[in-house]
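The values are calculated or read from the model by the stated rules, or taken from the named source; none is laboratory data. Treat the numbers as computed from the prediction; the structure is a model and nothing was measured. Virtual Cβ from ideal backbone geometry, glycine too; neighbours counted across all protein chains shown. Note: areas computed on protein heavy atoms with side chains; ligands, DNA, RNA excluded. Shrake-Rupley method; radii C 1.70, N 1.55, O 1.52, S 1.80 Å.
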Amino acid sequence: MIDVKNEEIILNICREKRVRLVIKREDLIHPFISGNKYRKLKYNLLEARNKGAEGLLTFGGAFSNHIAATAYAAQENGFRSIGVIRGEELEESVDDNPTLSYARSCGMDFHFVSRAAYRHKNDWEFIRELEQMFGSFYLVPEGGTNTQAVKGCEEILQPEDAEFDYIAVCVGTGGTISGLINSAKEHQHILGFPALKGDFLKDEILKFARRDNWSLIADYHFGGYAKINKELIDFINDFKRTTNIPLDPVYTGKMLFGLADMIKNDKFEPDTDILAVHTGGLQGIAGMNQRLEQKKLPLIDV
Ligand SMILES: *Cc1c(COP(=O)(O)O)cnc(C)c1O
């Protein structure tokens, strides 16, 4: 059992609108397998062991939290790990990429593929080719979402969280929100903040979620996955200054920006209690700051 604390934060807007906002600090689970990636890997690691697998193979992009988490968890649990990475050009720059060099330091072997080839990641022909290259392995899907992952995420909410009216979480592949949906109390509503553009997420969630106590708030993706602007960076830096809680720019920063904006616009009644799940992802800040520097944008304070 890991013990995760809930931390109440007092933003001016919360005081003004009398809305209580509490952060579930899943980001403190571990600096690299933080938050939901720990939850999502837990039962996959057990399953891999039960199946007698020697290695884990998974997929991800250049700054993937899931790649970093899988590499670490594989090493900790005595598995070999293979990362199929989107973008052939990255092969030349592993040393300069904080996420990939971390994963490599955990012993992960990489297989770099073009964006076109990466799209076939779920095709059996592609998987068979990988098996020919690397031998047999336990396959963890991109972002880690499968039935085992959802089961792990059903353990995020604890009995004492029953006091909250809303549970907020960011959504990438939909595994984490599905776990929350399945384990929430009768009176609770789950708000998902997609980190990417598009309507397909609803169908992904419906594959795993067993109830209709949820909605997606699609207004705060900032143009798409990993897209950010100065307003978001300023928000993340201000948030850290006022609360001492770091947010990542791809997921949790967008969710908290969205929640603060919704509170400001009276989307919640006074005396509403909101629990926002901090899903971690802080390892991605270093890579984002490299890109911000190139674009001459302000950096995220660390
Ligand atoms: C991966 C990730 C998510 C998205 O989780 P899904 O289960 O894919 O929806 C949210 N927040 C952080 C920090 C993540 O790394």
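Of note:
Conditions (1) closer than 24 Å to residue 60 by Cα; (2) among the basic types (Lys, Arg), marked per residue:
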| position | (1), (2) |
| --- | --- |
| 225 | yes, no |
| 234 | no, no |
| 242 | no, no |
| 253 | yes, no |
| 278 | yes, no |
| 291 | yes, yes |
| 294 | yes, no |
| 298 | no, no |
| 301 | no, no |
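- Odd one out for residue 280, checked against (1) more than 16 Å from the ligand (Cβ to nearest atom); (2) outside any helix (DSSP H, G or I): (1)
- Flag if residue 135 is over 18 Å from residue 41 (Cβ atoms), touching a residue at least 40 places away in the same chain (Cβ under 8 Å) and of a type in the set (Gly, Ala, Ser): yes
Rundown of residues vs (1) within 16 Å of the ligand (Cβ to nearest atom); (2) assigned to a loop (DSSP other than H, G, I, E, B); (3) open to solvent by 60 Å² or more (accessible area, probe 1.4 Å); (4) at negative phi, yes/no style:
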position	(1), (2), (3), (4)
202	yes, no, yes, yes
219	no, yes, yes, yes
233	no, no, no, yes
236	yes, no, no, yes
245	yes, yes, no, yes
259	yes, no, no, yes
268	no, yes, no, yes
274	no, no, no, yes
296	no, yes, yes, no
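- First in the range 159-183 and assigned to a loop (DSSP other than H, G, I, E, B), second anywhere and more than 13 Å from the ligand (Cβ to nearest atom), Cβ under 6 Å, 6 or more apart: 164/273; 164/275; 165/272; 165/273
- When 137, 164 are checked against the criterion of being among the aromatic types (Phe, Trp, Tyr) and either open to solvent by 20 Å² or more (accessible area, probe 1.4 Å) or at pLDDT below 95 (or both), 137 stands alone in meeting it.
- Listed conditions (1) away from the ligand (no atom under 16 Å from the Cβ); (2) among the hydroxyl-bearing types (Ser, Thr, Tyr); (3) outside any loop (DSSP other than H, G, I, E, B) are all met by residue 136, apart from (3).
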